[in-house]
Amino acid sequence: MKQEHLLIGEITKPQGIRGEVKVRHYTDDPDRFYDLETVLVQEGSAFREITVNGVRVNGDDVFLTLEGIADRNEAEKMRGLKLYVDRAHARELADDEVFIADIIGLPAFDTKGNPIGTLTEVLTPGGVDVFVFKTPKGTLMTPGLKDVLQEVNVDEGRIVLNEVRLAEVSILQ
């Protein structure tokens with residue numbers, strides 16, 4: 001299911017005394033923040049746009065200066081806010097890429113059509129993503145390898161897993 005707004009990060013804390021905030025990014029490329037002119041924050045069911053005045057990336061850490069946030073006290077009020085972009089301002093995807101937000105909640109089936117469960121989370125520990133499914137037997141975790149994930153189809157709303165490879169590489173808790 002394609003989401004209108006894509007989660008790109010969460011403000012974790014103020015940084016310094018001039019209103020800068022530290023952001024936990026939910027993207028595979030923190031440098032993508034340099035391209036942002038605005039971000040969206042959710043307030044109830046609506047989204048409010050905030051201008052990005054400055055971006056600093058240091059390794060895996062992202063720091064933002066946002067319009068209207070001039071000191072540490074104002075930055076502290078932003079703690080915990082999730083940052084979004086609308087789909088029109090999202091980065092371009094390669095043909096074989098999908099946004100994680102678009103596949104969370106999709107049902108998974110094996111290549112024979114048997115239901116497996118629902119995708120609840122994608123962990124990105126580095127290297128290979130780990131797909132986490134809620135199944136009738138518990139939690140199923142499997143690497144995001146092409147020979148395991150036969151198909152990830154956002155338009156048709158399904159994920160197809162190779163049951164032979166799945167039995168070899170998955171962890172059932």
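The table that follows gives values for the structure above.
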item: Mean ellipticity per residue at 222 nm, deg cm²/dmol - from DSSP H runs of n ≥ 4 across the chain, formula -39500 (n - 2.57); result: -2000 deg cm²/dmol
item: Radius of gyration, Dmax [region 45-140; alpha carbons; angstrom]; result: 18.5, 58
item: With at most 13 neighbouring Cβ atoms within 10 Å, loop GluC sites (Glu not before Pro) (DSSP) excluded, longest segment of the chain; result: 98-155
item: Lysine pairs with alpha-carbon atoms under 26 Å apart, the chain, spacing 8 or more or separate chains; result: 15
item: Overall form of region 69-117 per C-alpha gyration tensor (a/c, 1.5; a/b vs b/c); result: oblate
item: Cα pair distances exceeding 20 angstrom across the chain, given as percent; result: 57 percent
item: Dimensions (Å) - region 6-101, Cα atoms, principal axes, largest first; result: 43, 33, 19
item: Gyration tensor (alpha-carbon) shape descriptor, region 112-173, a/c threshold 1.5; result: rounded
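Coordinate-derived values only; no laboratory data. Every value quoted in this text rests on a predicted model; they were computed, and no experiment measured them. Here Cβ is always computed from backbone atoms with ideal geometry, including for glycine, and neighbour counts include all displayed protein chains.
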